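Notes follow the structure.
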Amino acid sequence: MSVFETVAVRDGRCLLFDQHRERLARAASELGWPEEDFARAALLSQPPIGPAATGVVRIYLTAGPGALGERFAGSFYALAEDGEVGAEFPAIRVATSAAPYLPAPGGWKTGNYWQNIQAASHARAAGAEEAILFDPSGCLLCASMANIFLEVDGRWQTPALGTGARDGAVRAWVMENFPVEETLLGASALGLAAAGFLTNSRVGVRAIAGIDGRPLESDVSALQRAYRTSVLGVSPPEDPVRSSP
């Protein structure tokens, strides 16, 4: 058993690190790992990152080899991967996954990623690049590797955390800075959506180009610009007539 957080790194800075650390602590607590053991772990401080590093670092907390009921005996591991983060990635095509998805307890990110990978693989075989996941009752949860936001009837909406949707750090940043309604969403929301975007640490805010072959209005540039400025620290281009986010 393990839980993890994926942290974006840009020019040697771990982005939204405190938010990721807090989520990892809550996941450990809810899974029964003693808080004092978690607090003593070496990687509660920011992991060492080179000054020019850009990519992601995945911080895993394992339960260790102990039997049920024994004290926490696991370890922290940090796995770094170079690559672009939060770039102006092209809008992405998504497809509905036919297989019901069983979220992890509390919606936490766990090391058991088989359902996610299988759903993403099926979506790519169908000509899309990401899968949209529903629980067995037909409630929209997320994409296989990201949180999802949809514009329905002129309002931005996202699955409520109580459904098992993941409490992503970038998801939380969007909700703190833009008007978004947390709600229960079904398959009908996909057909009604005029626009949409995905969020995770690697892509930041990425527009959805189409759902199940239906094109969307994929202009979420205001959100993307705000994320790049506020989180990535990228200065916006000089544009005196640019509208506010």
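The values are calculated or read from the model by the stated rules, or taken from the named source; none is laboratory data. These figures come from a predicted structure and were not determined experimentally. Note: ideal-geometry Cβ built from the backbone for every residue, glycine included; neighbour counts use all protein chains shown.
Of note:
- Residues being surrounded by fewer than 19 Cβ atoms within 10 Å (Cβ to Cβ), farther than 25 Å from THR229 by Cα and free of Cβ contacts under 8 Å to residues at least 40 places away in the same chain - total across the range 155-181: 2
- Filtering the range 182-199 to residues that are closer than 12 Å to CYS139 by Cβ and surrounded by fewer than 22 Cβ atoms within 10 Å (Cβ to Cβ) leaves THR183, LEU184, GLY186, ALA187, SER188, ALA189.
For (1) of a type in the set (A, V, I, L, M); (2) at pLDDT 95 or above; (3) in contact with a Cys (Cβ under 7 Å, 6 or more places away or on another chain); (4) within 19 Å of LEU223 (Cα to Cα), each residue gets a yes or a no:
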site	(1), (2), (3), (4)
ILE132	yes, yes, no, no
PRO136	no, no, no, no
ASP153	no, no, no, yes
PRO159	no, yes, yes, yes
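- Qualifying residue in the range 82-104 (condition: surrounded by fewer than 19 Cβ atoms within 10 Å (Cβ to Cβ) and in contact with a Cys (Cβ under 9 Å, 6 or more places away or on another chain)): yes
- For the range 1-33, a residue qualifies if it is assigned to a loop (DSSP other than H, G, I, E, B) and not aliphatic (A, V, I, L, M), and the qualifying residues are ASP11, GLY12, GLY32, TRP33.
- Search result, residues across the range 189-224 that are in a loop (DSSP other than H, G, I, E, B) and under 30 Å from ASP82 (Cα atoms): SER201, ARG202, VAL203, SER218, ASP219, VAL220
- Residues of the range 63-97 classified as of a type outside the set (Gly, Ala, Ser), more than 27 Å from LEU223 (Cβ to Cβ) and modelled with pLDDT of 75 or more, total: 3
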